[in-house]
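Novice: What follows is a structure written as structure tokens; I'll ask about it next.
The values are calculated or read from the model by the stated rules, or taken from the named source; none is laboratory data. Everything numeric in this text was worked out from a predicted model, so none of it was measured. Note that each Cβ is placed from the backbone with ideal geometry, even for glycine, and that neighbours are counted across all protein chains shown.
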Amino acid sequence: MAIQAISEAIKAYETIIIHRHVRPDPDAYGSQAGLKEMIAKSFPEKNVYIAGEEDPALAFLAKMDHIPDHTYENALVIVCDTANAARISDQRYDLGDKLIKIDHHPVVDDYGDVTWVDTAASSTSEMIYDFYLTARDDGFTLNDEAARLIYAGIVGDTGRFLFPGTTKKTFQHAAELVTYDFDRPNLYDGIYRIRHNIARLRGYILQHFELSESGLSSVKLTKAILDEYGVSPMETGQLVGVLGDIAGIKAWVLFIEEDNLIRVRLRSKGPVINEIAAKYNGGGHPMASGATVATWDETDAVVKDLDAACSFYKG
């Protein structure tokens, strides 16, 4: 069983380094940092680190560690919430002695010496709590900070328990996690509060989105637009759900121009989109995915594929 193998590996190694995906969301932070807190609380003699680029919007959840290359020697490396190896934040993940993958996305790359993938889970954070429930008989404990982080990841990836991936087990885990001592209102504030410039760009999106006859909506955010509103490409993650409540939309896409590429953020209310994302250097869930393209001409091809998916969808 994967959970037992992961538990044994954690207990066997003195140094453990935990990674997650680039452009992190609350689930990436929550599963990564929540697992660190659990291990550090359970085995205080171990050296446990979290790796990856900092996201200022999520700094309230956890701070990443600065890890020299030599720390990876004879270390156990765990990657959370990342389906394909190219999206692992900090590509030194393969410098360790042993590699574990924990994820809830459909498999893109089957990397890792030990792999635990559960696509039925609402989030990787939910899986981390699953791990605790099994491993607590093996010496693992959960403190208030680990509970806060895991709860944040579940809340983030379920859209405050509104998304279809939310299950009875999700609610049961949440009910247990809120018995720990952490400030839930402050946590929600940190996840969902936005700055005024983000709010204004949200208004721009609502004024300029296009809706096709098939039910596809698309918005292009050029560097000029982002500069006008003072919003970085990373911050646009706070805007990806803005079109989700509009009647008639089956799927939507935001194209965000960066220095050397165009980021593609895809969401759906029914049509499967992760296969389309995979076609354009990306992947993710059937209803929530990401991709990248090199030119604005390529964005037209993405729109064409999404439009076809919406047209065929009869739900």
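Novice: How about segment 287-315: which of its residues are of a type in the set (S, T, N, Q) and buried (at least 23 other Cβ atoms within 10 Å of the Cβ)?
Specialist: Listed by number, the list holds a single entry, Ser289.
Novice: Let me ask you something else. Can you tell me which residue among Gly244, Gly284, Gly248 is at positive phi and either among the hydrophobic types (A, V, I, L, M, F, W, C) or surrounded by fewer than 17 Cβ atoms within 10 Å (Cβ to Cβ) (or both)? First the steps, then the outcome.
Specialist: Values: Gly244 fails: at positive phi; Gly284 fails: either among the hydrophobic types (A, V, I, L, M, F, W, C) or surrounded by fewer than 17 Cβ atoms within 10 Å (Cβ to Cβ) (or both).
Unique residue meeting the criteria: Gly248.
Novice: Test Glu235 against the stated conditions and say whether it is over 20 Å from Leu61 (Cβ atoms), touching a Leu at 6+ places or on another chain (Cβ under 9 Å) and among the acidic types (Asp, Glu).
Specialist: No; evaluated as a whole, the condition is false for this residue.
Novice: From Asp181, Asp227, which residue is part of a helix (DSSP H, G or I), at pLDDT 95 or above, acidic (Asp, Glu) and surrounded by fewer than 15 Cβ atoms within 10 Å (Cβ to Cβ)?
Specialist: Asp227
Novice: Continuing with the same structure: Among the residues of segment 236-271 satisfying the criterion of being aliphatic (A, V, I, L, M) and more than 18 Å from Leu226 (Cβ to Cβ), which is nearest to the chain's Cα centre (by Cα)?
Specialist: Going through the qualifying residues, I end up with Leu266.
Novice: I've got another one for you. Among Leu187, Leu149, Leu142, which is surrounded by 17 or more Cβ atoms within 10 Å (Cβ to Cβ), in contact (Cβ under 8 Å) with a residue 60 or more places away in the chain and either touching a Lys or Arg at 6+ places or on another chain (Cβ under 8 Å) or not aliphatic (A, V, I, L, M) (or both)?
Specialist: Every option except Leu142 fails the conditions.
Novice: If you don't mind, another one. Yes or no: segment 157-171 includes at least one residue that is surrounded by 13 or more Cβ atoms within 10 Å (Cβ to Cβ), among the small types (Gly, Ala, Ser) and more than 21 Å from Ala33 (Cα to Cα).
Specialist: yes
Novice: Give the residues of segment 273-283 that are free of Cβ contacts under 8 Å to residues at least 40 places away in the same chain and farther than 15 Å from Val22 by Cα, sorted by residue number.
Specialist: Listed by number, the residues that qualify are Ile273, Glu275, Ile276, Ala277, Lys279, Tyr280.
Novice: Let me ask something else about it. Please work out which residue is modelled with the lowest pLDDT, limiting yourself to segment 57-74 and to residues that are out of contact with any strand residue (DSSP E or B) (no Cβ under 7 Å at 6 or more places or on another chain) and in a helix (DSSP H, G or I).
Specialist: Applying the filter and picking the extreme gives Ala57.
Novice: Something else: Checking Ala33 against (1) within 26 Å of Gly283 (Cβ to Cβ); (2) surrounded by fewer than 21 Cβ atoms within 10 Å (Cβ to Cβ): exactly one of these is not met. Which one?
Specialist: Answer for Ala33: the failing condition is (2).
Novice: While we're here: In segment 14-48, how many are of a type in the set (D, E, K, R) and not in a helix (DSSP H, G or I)?
Specialist: 6
Novice: Kindly provide the set of residues from segment 40-86 that are surrounded by 16 or more Cβ atoms within 10 Å (Cβ to Cβ), in contact (Cβ under 8 Å) with a residue 40 or more places away in the chain and not aliphatic (A, V, I, L, M), ordered by number.
Specialist: Of everything in segment 40-86, those that are surrounded by 16 or more Cβ atoms within 10 Å (Cβ to Cβ), in contact (Cβ under 8 Å) with a residue 40 or more places away in the chain and not aliphatic (A, V, I, L, M) turn out to be Lys41, Ser42, Phe43, Asp55, Thr71, Tyr72, Cys80, Asp81, Thr82, Asn84.
Novice: Kindly indicate the residue of segment 244-271 that is outside any strand (DSSP E or B) and touching a helix residue (DSSP H, G or I) at 6+ places or on another chain (Cβ under 7 Å) and also farthest from Ala308 (Cα to Cα) among those meeting that condition.
Specialist: Checked segment 244-271; the qualifying residue farthest from Ala308 (Cα to Cα) is Lys250.
Novice: Another question, if that's okay. Just checking, how many residues over segment 284-298 are out of contact with any His (no Cβ under 8 Å at 6 or more places or on another chain), outside any loop (DSSP other than H, G, I, E, B) and closer than 27 Å to Arg20 by Cβ?
Specialist: Going through segment 284-298 one residue at a time, the tally reaches 6.
Novice: Oh, and also: Report, by residue number, each residue of segment 87-118 that is out of contact with any Gly (no Cβ under 9 Å at 6 or more places or on another chain), outside any strand (DSSP E or B) and either touching a residue at least 60 places away in the same chain (Cβ under 8 Å) or β-branched (Val, Ile, Thr) (or both).
Specialist: Selection gives Tyr93, Gly96, Asp97, Val107.
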